[in-house]
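Colleague: To start, I am sharing the structure in question, which I have written as structure tokens.
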Amino acid sequence: MQRRDDTEALRHRVAPLEMTPDDFRAAGHQLVDVIASFLGSLRARPVTRGETPEEVRSALPLSSLPEEGTPPQELLKETADLLFEHSLFNGNPRFWGYITSSAAPLGALADLLAATVNPNVGGWDLSPAASEIEAQTVRWIAEFIGYPATCGGLLVSGGNMANFVGFLAARRRKLGADVRTKGIGAMSGQQPRVYCSAETHTWIEKAADQYGIGTDGIRWIPTDERLRMDLTALRNQIQRDKDDGDAPFLVVGTAGSTGVGAVDALPELAHICREYDLWFHVDAAYGGLAAGLPDAPPDLAGLSEADSVAIDPHKWLYSPLEVGCALVHDPQDLTDTFSYHPSYYRFDEATKQAGINYHEYGPQNSRGFRALKVWLALRQVGSKGYARMISDDIRLASHLFRLVHEHPALEACTHNLSIATFRYVPSDLTVGAVEVEEYLNQLNEELLGQLQKSGEAFPSNALVGGKYLLRVCIVNFRTSLEDIEALPEIVVRFGRTIDAALRPTNLRPKP
Ligand SMILES: Cc1ncc(COP(=O)(O)O)c(C=O)c1O
């Protein structure tokens, strides 16, 4: 009897995860209402509550995996409250840490729609519309930054992955096809060499480590006074390595360094790469999108000459995490680097008709529809809308730099793109002496820690020439002039209080 009931239940199967359209509608409407109110409250909320891991952990509703389920509407309500009370909000107008943008609200709806259709964008047949939308998104990004429209490219999880794609394409093209079958070990003792500035993001170490070159294969080229790669030092190092029988294969330029937003001299780097027959990759994860501005800095112009470029929509296209973009001049370099044809895939028909099977373009096989949020936002505001937002971010950083420069208790240090760095220097201290500099580093580090925890504003830090600096990176379309104008006084207020408690006696004014 039991068995017959089971079979009957299976015949009219209703799985525990299923939701009726009415239930979905009710839960969805409720969630969208809650999200809309949250978005409206972003400015009024602290950037963060600065809670400890213990405090946040204890706010989670359950400690063990439940055996029985809970209705979705209840779960969504409870979880929205949990997230809104215990998160850091990079959507707050005063979040300026690292290079993490405020996310376009449309992106949240796009992710909902993308997850609903749930195409697997690894194969064209599995994702006809999504594959075409991704191809168009990649083309539009290339067009925006002035990269050739005939390029190949794909979306990945972020800057690290986009840079890895460029790195692997370089390795395959310049070290040869054997590197895929025999590995680096078969290179008859030649040490592959990669060149990048000392300001390069840590992805390069991960890539060299993971993809067989080893971090010792990286040549860290010193920088000039503007923290750009020193071209003479680069040339000398390449020549020395060639003379020593090593195998130079890749130069990495940076368009917008993580610390201070420095842009390497890309046209000159392109020239050196051509001269020595090296692959030219540009990490433009942050700054590349500024190449789309009518008054783009001239150093960015060389981006179009790069063999590959990494660029992050989840930075300056304000897409919700995660989405990075890898571009290569010649799409063939992607298939030569990543393509396999396992017997269980039958996607070749699409390729014959110029459809892209993205599993052949990059490291992933199953892939989500991350293009949708980028594509929709590009259509929502157009290239003009993006140029305006990026340019406003840059103008705000420039304004902040001016304000800081004019403030007697602040020392302005660097300004590139939308990053300004500075530090708090009590007016009675004379900078330069070792003990003063050590104290200033300690003071500014403490200041940053307390400011971040306070939730009033959220800069992060940079270390330049041994100085610990506060760093404001504006990739935030919600930041206004009012937010920027408030910051110097906030910093000085924290600085004064901390200085009063922290300053060692030998640096205090004599009574
Ligand atoms: C210049 C640069 N490259 C690469 C990355 C890594 O990007 P992601 O964190 O998206 O992997 C960053 C991150 O800030 C960056 O600033």
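Colleague: Mind putting together the pair-distance distribution for the range 151-338? All Cα pairs, 10 Å bins, whole percent per bin, short to long.
Modeller: Answer for the range 151-338: a P(r) of 10, 40, 38, 11, 1 percent.
Colleague: Sticking with this one: Go from 0 up to the bin containing the longest alpha carbon distance in the range 216-281, width 5 Å each, and give me the % of pairs per bin.
Modeller: Bin by bin from 0 Å, the calculated values are 4, 17, 29, 27, 14, 7, 2, 0.
Colleague: Lys and Arg at +1, Asp and Glu at -1: add these up for the other residues within a Cβ distance under 14 Å of residue 55 and post the number.
Modeller: Numbers: positive: 49, 57, 453; negative: 51, 54, 85.
Summing Lys/Arg as +1 and Asp/Glu as -1 gives 0.
Colleague: Are any of the pairs 206/384; 174/373; 315/453; 182/242 more than 25 Å apart by Cα-Cα distance, and if so, which? Don't jump to the answer; show the numbers that get you there.
Modeller: On the way: 206/384 36 Å; 174/373 35 Å; 315/453 23 Å; 182/242 23 Å.
Those over the limit are 206/384; 174/373.
Colleague: At 0.36 nm per residue, and after removing the present C-alpha to C-alpha distance, how many nm does the segment from residue 224 to residue 177 gain when stretched out fully? Could you put the intermediate results ahead of the total?
Modeller: On the way: separation 47, 0.36 × 47 = 16.92 nm, distance 3.64 nm.
Here the segment from residue 224 to residue 177 would lengthen by 13.3 nm.
Colleague: Classify the range 118-226 as rounded, prolate or oblate from the Cα gyration tensor: take a ≥ b ≥ c as the square roots of its eigenvalues, call it rounded if a/c is under 1.5, otherwise prolate when a/b beats b/c and oblate if not.
Modeller: Details: a/c = 2.44, a/b = 1.50, b/c = 1.63.
Verdict is oblate for the range 118-226.
Colleague: Would you work out which of 463, 418, 429 lies farthest towards the positive end of the dipole of the range 401-494, given +1 charges on the beta-carbon of Lys and Arg and -1 on that of Asp and Glu, about the Cα centre?
Modeller: 418
Colleague: In the range 293-323, whose amide N lies under 19 Å from the spot 7 Å out along Cα-to-Cβ of residue 364? List them in ranges.
Modeller: Correct set: 309-323.
Colleague: Calculate for the chain the 222 nm mean residue ellipticity that helices alone would give, adding -39,500 (n - 2.57) per DSSP H run of length 4 or more and normalising by residue count, nearest 500 deg cm²/dmol. It would help to have the intermediate numbers written out before the result.
Modeller: Details: 17 runs with 231 residues, N = 511.
About -14500 deg cm²/dmol.
Colleague: Next question, about the same structure. Under 18 Å from the 7 Å Cα→Cβ point of residue 45, by amide nitrogen: which residues of the range 66-84?
Modeller: Only 75-84 fall inside the zone, counting backbone N under 18 Å.
Colleague: Positive end of the charge dipole of the range 18-89 (Lys, Arg +1 and Asp, Glu -1 on Cβ, about the Cα centre): tell me which of 69, 50, 31 has its Cα farthest that way.
Modeller: 50
Colleague: Additional query: Mean Kyte-Doolittle hydropathy of -0.5 or higher plus an axial Cα length of 20 Å or more: which whole DSSP H helices in the chain meet both?
Modeller: 21-41, 128-145, 159-175, 371-406, 481-502
Colleague: Taking the Cβ-Cβ separation of residue 332 and residue 244 as r and a Förster radius of 41 Å, what is the calculated FRET efficiency to the nearest 0.05?
Modeller: Working: r = 32 Å, r/R0 = 0.78.
Result of the calculation: an efficiency of 0.80.
Colleague: Using modelled backbone amide H atoms (1.01 Å from N, in-plane), which distant-in-sequence or interchain residues come within less than 5 Å of residue 477's amide H?
Modeller: Correct list: 102.
Colleague: When the C-alpha atoms of the range 391-511 are aligned to their principal axes, what extent does each axis show, in angstrom, from largest down?
Modeller: 48, 27, 21
Colleague: Related question: What trypsin sites (Lys or Arg not before Pro) in the range 344-411 are in a loop by DSSP, with at most 13 other Cβ atoms within 10 Å of the Cβ?
Modeller: On the way: sites: 346, 352, 367, 370, 373, 379, 384, 388, 395, 402; in loops: 346, 367, 370.
Listed in order of number, the matching sites are 346.
Colleague: With viscosity set to 1.002 mPa s and temperature to 20 °C, compute the Stokes-Einstein D of the chain, Rh being the Kirkwood radius across alpha carbon pairs; µm²/s, no decimals. Write out the running numbers ahead of the final one.
Modeller: Values: Rh = 25.4 Å.
For the chosen part, D equals 85 µm²/s.
Colleague: Moving on. Quick one: which residues, 5 or more positions from residue 195 or on another chain, have an amide H under 5 Å from its amide H? H modelled 1.01 Å from N in the peptide plane, none for Pro or chain starts.
Modeller: Amide H to amide H, under 5 Å and 5 or more residues apart or across chains, residue 195 pairs with 219, 250, 251, 252.
Colleague: Regarding the range 15-157, what's the average projected area of the Cα-atom convex hull, expressed in nm²? Intermediate values should be presented prior to the final figure.
Modeller: On the way: hull surface 49.5 nm².
That works out to 12.4 nm², a quarter of the Cα hull's surface.
Colleague: Counting Lys and Arg as +1 and Asp and Glu as -1, each charge on the Cβ, what is the dipole of the range 273-326 about the Cα centre in debye, to the nearest 20?
Modeller: Values: 2 positive and 9 negative charges, 37 e Å.
In total the dipole reaches around 180 debye.
Colleague: List 62, 39, 293 from most exposed to least, where exposure is judged by having the fewest other Cβ atoms within 10 Å.
Modeller: Values: 62 7, 39 13, 293 17.
Listed from fewest to most nearby Cβ atoms, that is 62, 39, 293.
Colleague: While we're on this one: Of the chain, which part is the longest with no GluC sites (Glu not before Pro) in a loop (DSSP not H, G, I, E, B) and with at most 12 other C-beta atoms within 10 angstrom? Let's see the in-between values first.
Modeller: Working: sites that count: 18, 67, 68, 225.
So the longest stretch without any such site is 226-511.
Colleague: For residue 346 and residue 198, calculate 0.36 nm times their separation in residues minus their Cα-Cα distance, and state this gained length in nm to one decimal.
Modeller: Values: separation 148, 0.36 × 148 = 53.28 nm, distance 4.53 nm.
Fully extending the segment from residue 346 to residue 198 adds 48.8 nm.
Colleague: Here is a further query. Between residue 461 and residues 5 or more places away or on another chain, which pairs have amide H atoms under 5 Å apart, with H built 1.01 Å from N, and which residues are they?
Modeller: 98, 471
Colleague: Residue by residue, what Karplus-based ³J(HN,Hα) values in Hz, rounded to whole numbers, does the range 292-297 have, using 6.51, -1.76 and 1.60 with θ = phi - 60° and x for Gly and Pro?
Modeller: Listing the rounded values in order: x, 7, x, 9, 4, x Hz.
Colleague: Using a simple charge model, +1 on the beta-carbon of Lys and Arg, -1 on the beta-carbon of Asp and Glu, nothing else, what dipole does the range 151-338 show about its Cα centre, in debye to the nearest 20? Kindly include the intermediate steps, with their values, before the conclusion.
Modeller: Details: 16 positive and 26 negative charges, 85 e Å.
Here the range 151-338 has a charge dipole of around 400 debye.
Colleague: Taking the Cα centre of the range 18-89 as origin, work out the dipole magnitude from +1 charges on Lys and Arg Cβ and -1 charges on Asp and Glu Cβ, in debye rounded to 20.
Modeller: Values: 6 positive and 13 negative charges, 105 e Å.
Computed about the Cα centre, the dipole is about 500 debye.
Colleague: What length, rounded to one decimal in nm, is gained on full extension from residue 125 through to residue 85, with 0.36 nm per residue of separation minus their alpha-carbon distance? Let's see the in-between values first.
Modeller: Details: separation 40, 0.36 × 40 = 14.40 nm, distance 4.23 nm.
The span from residue 125 to residue 85 would gain 10.2 nm if fully extended.
Colleague: May I ask you to derive the FRET efficiency for residue 395 and residue 464 from their Cβ-Cβ distance with R0 = 30 Å, giving the value to the nearest 0.05? Can you show the working numbers first?
Modeller: Details: r = 23 Å, r/R0 = 0.75.
The pair residue 395/residue 464 has a calculated efficiency of 0.85.
Colleague: Another one. Can you list, largest first and rounded to whole Å, the semi-axes you get for the range 18-89 by taking the square root of 5 times each eigenvalue of its Cα gyration tensor? Walk me through the numbers on the way to the answer.
Modeller: Details: eigenvalues 122, 80, 5 Å².
The three semi-axes for the range 18-89 are 25, 20, 5 Å.
Rule-based calculations on the coordinates, nothing more; no lab input. In this text the structure is predicted, and so the values were computed from the model without any measurement. Ideal geometry is used to build each Cβ from the backbone, glycine not excepted, and the neighbour counts take in all protein chains shown.
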